[in-house]
Every structure is written in structure tokens, then in C-alpha cells.
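**Student:** One structure follows; several queries about it will come next.
The values are calculated or read from the model by the stated rules, or taken from the named source; none is laboratory data. Note that this is a predicted model, so its numbers are computed, not measured. Cβ: placed from backbone, ideal geometry, glycine included. Neighbour counts: every protein chain shown. The accessibility values were calculated without ligands, DNA or RNA, using every heavy atom of the protein model including side chains. Shrake-Rupley method; radii C 1.70, N 1.55, O 1.52, S 1.80 Å.
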Amino acid sequence: MIVAGLDVATTTGVCLGEPGQTPQFLSRDLGQGKPHELRFSNAMRLAHELISDHGVEAIGIEEPIINPKRDSKEKLRLLFGLVSSIQGWAALKGVPCVTFEVGTIDKHFVGAKLIGRDNRKRAIMGRCQMLGWNPQSFDESDAGAVFDIMCAHQSPSYAAQSGLLLSRRTG
């Protein structure tokens, strides 16, 4: 089974591969400064590429973080629209697509909910490198964390190896 983890934004980080194997990383520009509708279509194109060209059978997405003091209505519309575009294409193709809250991803991948954007980014990149993975950006390493939790949800043997099953029993 090929799984993809996505950190969806204007530059979307992607991590894909089979559970237990060293994943592949890439980034996609969804259209900085372009109209939302074009960016939504680029998100659908990305989902199409992952499913059709890479054989992805399950997609995990980092749920957008909402900061009411920082985010405008248009930014929220864009972020949720990008995610919804990917979810919609996946649904059309019968591919499971799950969103995960940032705290849940952090707890799974680095063992704790992390405070502070920079602290979080460094910890996730460090964990990827410790696993022998080679993300080229924080977008890609964030996608790696999503890939890891999605693999755990799709593969019981991977979940046991990654510790997710134990954390469910004790948490």
C-alpha cells in the first residue's frame, strides 16, 4: 500500500511511500498569488498525480491551524478550500483521505504536543533525519510526520512498530 502525507499550503509538502520503507519527498507550488479557484484546481491536480501516477491508496493531511488574530476570512477560505479539493478528488477515486490535528501529529511523531512554530519545525525535521529520511524543507518534513501517522492508521504492523497502538492503550 502506498500512503501519502501532505502539509497543504501554497507550497505543499508531500511525503509518500509504503509503510516501513524510506519515503520519497517532494514539494508542489499550488499557485502563490493566483486566484483561489486556480489554486484549488492545482490541489486537485496534485491529488490526481498522487493517485494516478504514484499509486497512492491512502492520503493523510495536516489540518489547517486557525489563528483568529492572524488569519483573514480569505486565508481560511483558501486553506480549507485546498484541503477540500484534495479530499474531493480522493473521494471521487475511492481513496481514503484523513485530516489530523497538529497536536495529534506531534504527539505521535515526536512524543509530545509542541509549543512554538520554530520549535515544532526543528523537532519534526530532526525526527525525520533520525529515521534516515531526507526532506529538503520544513514543508516536506511536516508531510513526513503526517505520512508516519497515516501509515500507522493504515497498517497495524506499522502502528505496533511506531508506538501508536501503545499510546492508544495508555492515553
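**Student:** In the range 55-78, what residues are of a type in the set (A, V, I, L, M) and surrounded by fewer than 14 Cβ atoms within 10 Å (Cβ to Cβ)? Walk me through it before giving the result.
**Tutor:** Taking the range 55-78 and keeping what is of a type in the set (A, V, I, L, M), we get 56, 58-59, 61, 65-66, 76, 78.
Of everything in the range 55-78, those that are of a type in the set (A, V, I, L, M) and surrounded by fewer than 14 Cβ atoms within 10 Å (Cβ to Cβ) turn out to be Ile65, Ile66.
**Student:** For the range 92-118, how many residues meet the condition of being more than 18 Å from Cys128 (Cβ to Cβ) and either touching a residue at least 12 places away in the same chain (Cβ under 8 Å) or touching a strand residue (DSSP E or B) at 6+ places or on another chain (Cβ under 7 Å) (or both)?
**Tutor:** Count: 7.
**Student:** Let me spell it out: the conditions are (1) closer than 15 Å to Phe25 by Cβ; (2) in a helix (DSSP H, G or I); (3) touching a residue at least 24 places away in the same chain (Cβ under 8 Å), and Pro135 meets all of them except one. Which number is the exception?
**Tutor:** Tallying (1) closer than 15 Å to Phe25 by Cβ; (2) in a helix (DSSP H, G or I); (3) touching a residue at least 24 places away in the same chain (Cβ under 8 Å), Pro135 fails exactly one: (2).
**Student:** Still on this structure, please answer the following. Among Ile59, Ile51, Ile86, Ile65, which is within 16 Å of the chain's Cα centre (by Cα) and modelled with pLDDT under 95? Break it down stepwise before answering.
**Tutor:** Values: Ile59 fails: modelled with pLDDT under 95; Ile51 fails: modelled with pLDDT under 95; Ile86 fails: modelled with pLDDT under 95.
The match here is Ile65.
**Student:** While we're on this one: Anything in the range 15-29 that is open to solvent by 30 Å² or more (accessible area, probe 1.4 Å), closer than 14 Å to Gly5 by Cβ, in a strand (DSSP E or B) and not hydroxyl-bearing (Ser, Thr, Tyr)? List them, or say none.
**Tutor:** At the first step, the residues of the range 15-29 found to be open to solvent by 30 Å² or more (accessible area, probe 1.4 Å) are 18-22, 24-25, 27-29.
Then drop every residue that is not closer than 14 Å to Gly5 by Cβ, which leaves 18-19, 21-22, 24-25, 27-28.
With the extra rule that they be in a strand (DSSP E or B), the set shrinks to 24-25, 27-28.
Selection gives Gln24, Phe25, Arg28.
**Student:** Please identify the pairs in which a residue from the range 38-54 that is in contact (Cβ under 8 Å) with a residue 24 or more places away in the chain and surrounded by 17 or more Cβ atoms within 10 Å (Cβ to Cβ) has its Cβ atom under 9 Å from the Cβ atom of a residue that is acidic (Asp, Glu) and not in a helix (DSSP H, G or I), counting only partners at least 6 apart or on another chain.
**Tutor:** Qualifying pairs under 9 Å: Ile51/Glu57.
**Student:** Before we move on, is Arg45 among the charged types (D, E, K, R) and either over 20 Å from Ala4 (Cα atoms) or at pLDDT below 95 (or both)? Step through it out loud before you land on a result.
**Tutor:** Values: among the charged types (D, E, K, R): yes; either over 20 Å from Ala4 (Cα atoms) or at pLDDT below 95 (or both): no.
In short, no.
**Student:** So, of the residues in the range 108-126 that are closer than 17 Å to Leu6 by Cα and not aliphatic (A, V, I, L, M), which turns out to be surrounded by the fewest Cβ atoms within 10 Å (Cβ to Cβ)?
**Tutor:** The extreme case among them is Lys121.
**Student:** Would it be correct to say that Arg70 is closer than 23 Å to Val3 by Cβ, modelled with pLDDT under 95 and of a type in the set (Lys, Arg)? Reasoning before the result, please.
**Tutor:** Values: closer than 23 Å to Val3 by Cβ: no; modelled with pLDDT under 95: yes; of a type in the set (Lys, Arg): yes.
No.
**Student:** Among (1) assigned to a helix (DSSP H, G or I); (2) open to solvent by 60 Å² or more (accessible area, probe 1.4 Å), there is one condition Gln32 misses while meeting the rest; what is its number?
**Tutor:** Checking Gln32 against (1) assigned to a helix (DSSP H, G or I); (2) open to solvent by 60 Å² or more (accessible area, probe 1.4 Å), the one that fails is (1).
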